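One structure is given below, encoded as structure tokens.
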Amino acid sequence: MSRLTVFADSAPGTPILSITDADAIAAELKPLGVRFERWESPVALSQDDSAETILAAYRPYLDALMGETGAGSADVVKLSPDHPQAQALREKFLQEHIHSEDEVRFFVEGAGNFVLHLDGKIYDARCEKGDLISVPAGTKHWFDAGSAPSFTALRIFTHTDGWVANFTGDDISNRFPAVV
């Protein structure tokens with residue numbers, strides 16, 4: 001179930017707010033410039049489908065979304081517990097960072113947490129199958145799919161160089177493990 005849990009950035013383990021309703025999550029994140037939507041998609045895929053098959057199946061949705069955002073490319077990221085680089089990728093995503101473009105993700109399968117650090121608060125957005133999240137450029141955040149990651153997501157990029165993070169050097173993500 002999708003969920004948003006909010007903490008003061010000085011009080012790990014003491015939530016200020018926890019909500020699971022998609023509309024309420026969207027309303028809470030909107031003032032921060034974060035887009036959150038629940039998409040009911042008629043697309044049916046299998047776990048074994050290739051990135052090309054997934055992109056083709058979602059092409060009508062991607063074209064509309066990319067037109068809205070001015071994005072220039074999209075790809076698929078799949079991570080499973082048996083992926084040979086699962087732990088290394090998790091460690092990379094777990095470090096607080098920012099991007100020079102919006103980070104747009106649509107969860108095709110599985111789940112992961114986008115954890116945002118804004119205005120003295122931590123916003124832990126648990127995204128699951130059917131969730132779209134767009135984190136604005138310059139927003140401090142990290143991503144955690146857990147120690148046994150299992151998700152497939154569409155990634156939408158404005159820049160042609162794909163996922164580029166500028167790490168803040170803050171170890172705050174160590175103090176705020178994702179709420180599963």
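The values are calculated or read from the model by the stated rules, or taken from the named source; none is laboratory data. Since the structure is predicted, the reported quantities are computational estimates derived from the model, not experimental observations. Note: ideal-geometry Cβ built from the backbone for every residue, glycine included; neighbour counts use all protein chains shown.
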By residue number, the members of the stretch 86-104 that are aliphatic (A, V, I, L, M) and not in a strand (DSSP E or B) are Ala86, Ala88, Leu89, Leu94
Against the conditions (1) within 17 Å of the chain's Cα centre (by Cα); (2) of a type outside the set (Phe, Trp, Tyr); (3) closer than 30 Å to Lys121 by Cβ; (4) not in a helix (DSSP H, G or I), where does Gly13 fall short? Just the number, please.
(1)
Could you list, in sequence order, the residues of the stretch 105-134 that are on the phi > 0 side of the Ramachandran plot and outside any strand (DSSP E or B)?
Asp119, Gly120, Gly130
Would a scan of the stretch 152-159 turn up a residue that is surrounded by fewer than 16 Cβ atoms within 10 Å (Cβ to Cβ), in contact with a Leu (Cβ under 9 Å, 6 or more places away or on another chain) and not in a loop (DSSP other than H, G, I, E, B)?
no
For the stretch 29-85, name all the residues that are more than 21 Å from Ala125 (Cα to Cα), assigned to a helix (DSSP H, G or I) and among the aliphatic types (A, V, I, L, M).
Ala51, Ile54, Leu55, Ala56, Ala57, Leu62, Ala64, Met66
Within the bounds of the stretch 89-109, is there any residue that is hydrophobic (A, V, I, L, M, F, W, C), at pLDDT 85 or above, within 29 Å of Gly169 (Cβ to Cβ) and touching a helix residue (DSSP H, G or I) at 6+ places or on another chain (Cβ under 9 Å)?
yes
Any residue at all in the stretch 114-125 that is farther than 28 Å from Thr168 by Cα and of a type outside the set (A, V, I, L, M, F, W, C)?
no
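I'd like to verify a number: residues in the stretch 118-151 that are among the hydroxyl-bearing types (Ser, Thr, Tyr), surrounded by fewer than 16 Cβ atoms within 10 Å (Cβ to Cβ) and more than 13 Å from Leu94 (Cα to Cα), how many?
Of the residues in that region, 0 qualify.
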Considering Gly67, Gly33, which residue is within 27 Å of Thr14 (Cα to Cα) and over 13 Å from the mean Cα position of the chain (by Cα)?
Gly33
Can you tell me which residues in the stretch 160-179 are outside any strand (DSSP E or B) and farther than 17 Å from Asp75 by Cα?
Thr168, Gly169, Asp170, Asp171, Ile172, Ser173, Asn174, Arg175, Phe176, Pro177, Ala178, Val179
